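Written out below as structure tokens is the structure these notes cover.
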């Protein structure tokens, strides 16, 4: 129930304030429970050969991803998940978003042996009234 309340507060704030207006706060933007689900879902898609380290959540990467900042001169160190419908359930929505990330985008992250990942979440309300969830992530070694 607490997770739902936190999710609704974040969701409401984003809808009221608008995209890009809010300052990124790592602990408020993505609740700890959501970060844990995100990291677990990403690590579950890791190659099983044991040569790729697990990723951990990184707030600096999350801030850059939230503000859609890409690192200049760096190899492509980001990925975006296709927009998915947000049904007020962080776990279900994040798992679906991670599942829908292109394999080649994650392969690039694993090939670089990334250890840190941070994501920005943006919400949109479509003309028909349903809510869209967009996940943008940056990563680094």
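For every residue, the table says whether it meets (1) out of contact with any strand residue (DSSP E or B) (no Cβ under 7 Å at 6 or more places or on another chain); (2) within 17 Å of residue 35 (Cα to Cα).
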{"residue": "61", "(1), (2)": "no, yes"}
{"residue": "101", "(1), (2)": "no, yes"}
{"residue": "104", "(1), (2)": "yes, no"}
{"residue": "107", "(1), (2)": "yes, no"}
{"residue": "110", "(1), (2)": "yes, no"}
{"residue": "113", "(1), (2)": "yes, no"}
{"residue": "131", "(1), (2)": "no, no"}
{"residue": "136", "(1), (2)": "no, yes"}
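Checked against (1) within 14 Å of the chain's Cα centre (by Cα); (2) at pLDDT below 90; (3) over 13 Å from residue 136 (Cα atoms), residue 75 passes all but a single condition, namely (1). For residue 116, the stated conditions hold: it is farther than 14 Å from residue 30 by Cβ, surrounded by 16 or more Cβ atoms within 10 Å (Cβ to Cβ) and within 14 Å of the chain's Cα centre (by Cα).
Test residue 86 against the criterion of being within 18 Å of residue 131 (Cα to Cα), at pLDDT below 80 and touching a strand residue (DSSP E or B) at 6+ places or on another chain (Cβ under 8 Å), and give yes or no. Answer is no for this residue. Within segment 27-38, the set of residues being assigned to a helix (DSSP H, G or I) and touching a residue at least 60 places away in the same chain (Cβ under 8 Å) comprises 29, 34, 38.
The values are calculated or read from the model by the stated rules, or taken from the named source; none is laboratory data. Every value quoted in this text rests on a predicted model; they were computed, and no experiment measured them. Note: ideal-geometry Cβ built from the backbone for every residue, glycine included; neighbour counts use all protein chains shown.
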